[in-house]
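Undergrad: This is the structure I have questions about; it appears just below.
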Number of protein chains: 2
Amino acid sequence: MANIQKPSIPKGTRDFSPVEMARRNYIFDTIRTVFRLYGFSQIETPAMENLSTLMGKYGEEGDKLLFKILNSGDFLRGADRALIDAGETARLAPQLCEKGLRYDLTVPFARYVVQHRSDIQFPFKRYQIQPVWRADRPQKGRYREFYQCDADVIGSPSLINEIELLQLIDEVFSRLHINIAIKLNNRKVLAGIAELIGAPDKIIDITVAIDKIDKIGIDNVNAELAGRGLSAEAIEALQPILAIDGTTEERLEKLSELLAPSEIGTLGVKELREVIDGSLALGLRARLDLDVSLARGLNYYTGTIIEVKALDVEIGSITGGGRYDNLTGVFGLPGVSGVGISFGADRIYDVLNALDLYPDDVKSGTTVMFTNFGAVEAVAAMKAIKKMREAGIPTDIYPDSSKMKKQMAYANALSIPYVAIIGEDELAAGKITLKNMVEGTQQLLTVDEIIACFANGGNPLLK
Amino acid sequence: MANIQKPSIPKGTRDFSPVEMARRNYIFDTIRTVFRLYGFSQIETPAMENLSTLMGKYGEEGDKLLFKILNSGDFLRGADRALIDAGETARLAPQLCEKGLRYDLTVPFARYVVQHRSDIQFPFKRYQIQPVWRADRPQKGRYREFYQCDADVIGSPSLINEIELLQLIDEVFSRLHINIAIKLNNRKVLAGIAELIGAPDKIIDITVAIDKIDKIGIDNVNAELAGRGLSAEAIEALQPILAIDGTTEERLEKLSELLAPSEIGTLGVKELREVIDGSLALGLRARLDLDVSLARGLNYYTGTIIEVKALDVEIGSITGGGRYDNLTGVFGLPGVSGVGISFGADRIYDVLNALDLYPDDVKSGTTVMFTNFGAVEAVAAMKAIKKMREAGIPTDIYPDSSKMKKQMAYANALSIPYVAIIGEDELAAGKITLKNMVEGTQQLLTVDEIIACFANGGNPLLK
């Protein structure tokens, strides 16, 4: 046995207590229920993927943030001594590690689709709720292990999928009582803007800069654009687009006029309009904002881009997604269009905690705890407990015949709402004293009476 | 972008398709429901633990089977060049890796209890359902990533906990319709036997050998015992114990007589009797077998030892557990007694697959799929779908206006029981043709009529 250790866990990771788990399950169950209601089916993929599946999919920075798993046995066998001597760890790592932990659910999903394509019915609507791992610098709201909840439709170019996903987002956050705004953009609109101002290679610079208008003002944005190498003419041409305001309908109209000269831009506006009109026709509780500066994962998305912001808490995006046209191409299956969204369960958890939005019945569980006065009483208690569990009532016995005060304090600390007592008198009467821990009331009942009361719902002592 | 890759996953890991997930969720949901019914609360711990938490807890072989995570950045910084040059990978690995993937749920739980002890109410009844990872050689029924479902009570020496866990095991397998035998032993009985025959240091050799009686016969067992260094006298003294047979009650009686000279052995028999009598008094559907050769994890358990075998399939133990008296000692909290069990979800999955024991309603989900005949019909369909989802009916639309035949084939392939059709006629009538895909019947209904039928349960076309 090792020496005594002060226990801890790796930074950026978390333990979840029973109370925290009840809250997290409330989030996961809500998302899962809505996913199912919308026709998505669950899959799971392994935590470990071949490193070759993951590397090169998230950019150079992403490669560094992959957790890599040291090969078993003689891991130095395939290692290049020159790299060791030169301390070239970035190039050495893939020689020591064949496997890595998944970084998101999207690349494993693309791999899954290609690997199992002969067994899949397309369009394939899958959901997946699993943890992912990133060797990011841990900070508030950013963890090294966190859950993603993804829903994707793959193999259908129809914009109905986008409309369905916006409905689904609206439903999830409505059920969670979180007020949100859904931001919408389209990659083709961004391409159109870049084309229009004669800078098709500057899409990223343009979007990064105009994303800051609210923060730094238009003059500073223009200065930044010049610093990023945009010509004066391009910046001049961009101004009418930056000046677009009004309602979403008005914005769409102006954007449509301005992008008329660009074929791809016009297509983007048409797609946006179809998605927005389709969504509004069905009704949407969330605010839907057209936002031409929205560009998340630009190299990845090819059409619709979606991002969700919580309105009542300062926190980054809590859900995001979009359409991609070539996700599976890198694995040998080109030309498959997909669209998907990812709920950030850990940020949603932070929002619910900040606003204390949990319903009252989110707690850890046991409804009735029987006290324990010794062997004879315990036998009677366990027979009653068996019946109560058969009736579906989460029931427990305090396992040791400790002092009554200690047992009651235990039930209190765990917020168990009812304590059942079988002492000498109850044994003689063949009954149970049921105590309501919230009201402080109590009543002498048979086990069948107790079960009948719970079956009728709620509080047996108030019936 | 990388070159095109033929997609695969690491050996010993698995993808789970929607049908497989539905089956697995049936198992997990059953276990989770019973855990809650018995008063256990859920926790979760990170996939990654500090390697110092894991190393030395599973023996030398276990250390080798830990998946270790390469440190980020300059992982060679702390590495001893001499170890690299000598190729001493076993000693080098902990210098390159601070973290490892959890190997089971027990050690992380012990770490959790010590780390959070000031927030925990004891006795602490926790359950945990999470994957674990082992760099084992993959083979039939043995995976490198698999789920454990653990329930432990920590901080209570009462044998009521053992009786409760046996009841819980009985309930889980009864709900899963798996016929089982529960094997029971007690570490103190094994200690008593070793003491009795004058070989207290040979407990492991004795149990390993006598475990084989059924396979190789008593003569070969005796030969093996001699080979393992047991004296002729010890082997002679062991014979009456090996000869014990009869009902569990008769076995207990004989064991009690034979172990009378041993204090610890007598205590073990007393504990066994209390657990067996207590369980049988409450009723147990499973067969309960006293098995003095049962010794799983001997160095670890200190009292009751439990193992569950499926009766109708040839497969290893599908659940196991026992009592331990010093689990948390290595993390600085001595003297805490606990008892727990672990359900092997993946083996249970294999048993259910082998016997095809899934209930009919274990499938992947969507109840009604609307066909898609084009933009106008789709708008009407989506309005109906919104209403149906609000009524809790998992409903979907085929996103593309493909040929009818293709859409129907899709619904068929996914075993979607109802297809809803809105074409020109239905649009004009403000109704929906609902087709029962199993019976082949169909009927013209309003969306409200359809919802009302489903709300009444079952098959709207047979009402």
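Undergrad: What are the residues in the range A:254-272 that are under 17 Å from A:Ser293 (Cα atoms) and free of Cβ contacts under 8 Å to residues at least 24 places away in the same chain, if any?
TA: Within the range A:254-272, A:Lys254, A:Ser256 qualify.
Undergrad: Additional query: So, in the range B:299-333, how many residues would count as being more than 27 Å from B:Leu357 (Cβ to Cβ) and part of a loop (DSSP other than H, G, I, E, B)?
TA: The number of residues fulfilling the criteria is 11.
Undergrad: Which residues, taken from the range A:223-253, are open to solvent by 40 Å² or more (accessible area, probe 1.4 Å) and among the β-branched types (Val, Ile, Thr)?
TA: Across the range A:223-253, the qualifying residue is only A:Thr247.
Undergrad: Next question. Scan (1) modelled with pLDDT under 90; (2) in contact with a strand residue (DSSP E or B) (Cβ under 8 Å, 6 or more places away or on another chain) for the single condition A:Val339 breaks and write down its number.
TA: All conditions pass for A:Val339, except number (1).
Undergrad: Still on this structure: Of all residues being over 16 Å from the mean Cα position of the chain (by Cα) and not in a strand (DSSP E or B) in the range A:37-49, which is surrounded by the fewest Cβ atoms within 10 Å (Cβ to Cβ)? Just the residue, please.
TA: Of all residues in the range A:37-49, those over 16 Å from the mean Cα position of the chain (by Cα) come to A:37-39, A:41, A:45-49.
Cutting the leftovers down to not in a strand (DSSP E or B) gives us A:37-39, A:45-47.
Numbers: A:Leu37: 23, A:Tyr38: 24, A:Gly39: 29, A:Thr45: 21, A:Pro46: 23, A:Ala47: 24.
Ranking the candidates gives A:Thr45 first.
Undergrad: Taking A:Tyr301, is it more than 17 Å from the chain's Cα centre (by Cα), open to solvent by 20 Å² or more (accessible area, probe 1.4 Å) and either closer than 30 Å to A:Gln121 by Cα or within 13 Å of chain B (Cβ to nearest Cβ) (or both)?
TA: yes
Undergrad: Residue by residue through the range A:353-397, note down the ones that are within 16 Å of B:Asn161 (Cα to Cα) and aromatic (Phe, Trp, Tyr).
TA: A:Phe370, A:Phe373
Undergrad: Could you name every one of the helices (runs of 4 or more DSSP H) located completely within the range A:199-278 that has at least 3 residues being of a type in the set (Gly, Ala, Ser) and over 25 Å from A:Ser317 (Cα atoms)? Before the answer, list the steps.
TA: Details: elements: A:203-210, A:213-227, A:232-242, A:248-258.
Per the criteria, A:213-227, A:232-242.
Undergrad: What number of residues in the range B:279-298 are without any contact (Cβ under 8 Å) to a residue 60 or more places away in the chain, open to solvent by 40 Å² or more (accessible area, probe 1.4 Å) and in a loop (DSSP other than H, G, I, E, B)?
TA: Looking only at that region, the number is 2.
Undergrad: What is the residue count in the range B:1-32 for residues that are free of Cβ contacts under 8 Å to residues at least 60 places away in the same chain, under 28 Å from B:Ile120 (Cβ atoms) and in contact with a helix residue (DSSP H, G or I) (Cβ under 8 Å, 6 or more places away or on another chain)?
TA: 0
Undergrad: A:Glu49 fails exactly one of the following numbered conditions: (1) without any contact (Cβ under 8 Å) to a residue 40 or more places away in the chain; (2) within 8 Å of chain B (Cβ to nearest Cβ); (3) among the acidic types (Asp, Glu). What is the number of that condition?
TA: (1)
Undergrad: Keeping to the range A:391-411, report how many residues are within 35 Å of the chain's Cα centre (by Cα) and at the interface with chain B (Cβ under 9 Å from one of its Cβ atoms).
TA: The number of residues fulfilling the criteria is 6.
Undergrad: For the range B:11-36, give me the residue count where each residue is open to solvent by 10 Å² or more (accessible area, probe 1.4 Å) and facing chain A (nearest Cβ under 7 Å).
TA: 7
Undergrad: Could you count how many residues in the range A:353-374 are among the small types (Gly, Ala, Ser), facing another protein chain (nearest Cβ under 9 Å) and within 15 Å of A:Gly423 (Cβ to Cβ)?
TA: Going through the range A:353-374 one residue at a time, the tally reaches 0.
Undergrad: Okay, next question. Kindly indicate the residue of the range B:111-144 that is open to solvent by less than 50 Å² (accessible area, probe 1.4 Å) and aromatic (Phe, Trp, Tyr) and also nearest to A:Ser72 (Cα to Cα) among those meeting that condition.
TA: Looking at residues that are open to solvent by less than 50 Å² (accessible area, probe 1.4 Å) and aromatic (Phe, Trp, Tyr), I get B:Trp133.
Undergrad: Residues that are within 14 Å of chain A (Cβ to nearest Cβ), assigned to a helix (DSSP H, G or I), among the polar types (S, T, N, Q) and within 18 Å of B:Gly322 (Cα to Cα): does the range B:166-179 have at least one?
TA: yes
Undergrad: So, A:Ile180, is that one over 15 Å from A:Ala295 (Cβ atoms) and buried (at least 22 other Cβ atoms within 10 Å of the Cβ) or not? Spell out how you get there, then give the answer.
TA: Working: over 15 Å from A:Ala295 (Cβ atoms): yes; buried (at least 22 other Cβ atoms within 10 Å of the Cβ): yes.
Criteria met by A:Ile180.
Undergrad: Something else about it: Let me spell it out: the conditions are (1) in contact (Cβ under 8 Å) with a residue 40 or more places away in the chain; (2) within 11 Å of chain B (Cβ to nearest Cβ), and A:Ile432 meets all of them except one. Which number is the exception?
TA: The one condition A:Ile432 does not meet is (2).
The values are calculated or read from the model by the stated rules, or taken from the named source; none is laboratory data. Just so it is clear, the structure is predicted and the values come from calculations on it, not from any experiment. Quick reminder, even Gly has a Cβ in these numbers, built from the backbone with ideal geometry, and neighbours come from all protein chains shown. Just so you know, the surface numbers come from the protein's heavy atoms only, side chains and all, with ligands and any DNA or RNA stripped out. Shrake-Rupley method; radii C 1.70, N 1.55, O 1.52, S 1.80 Å.
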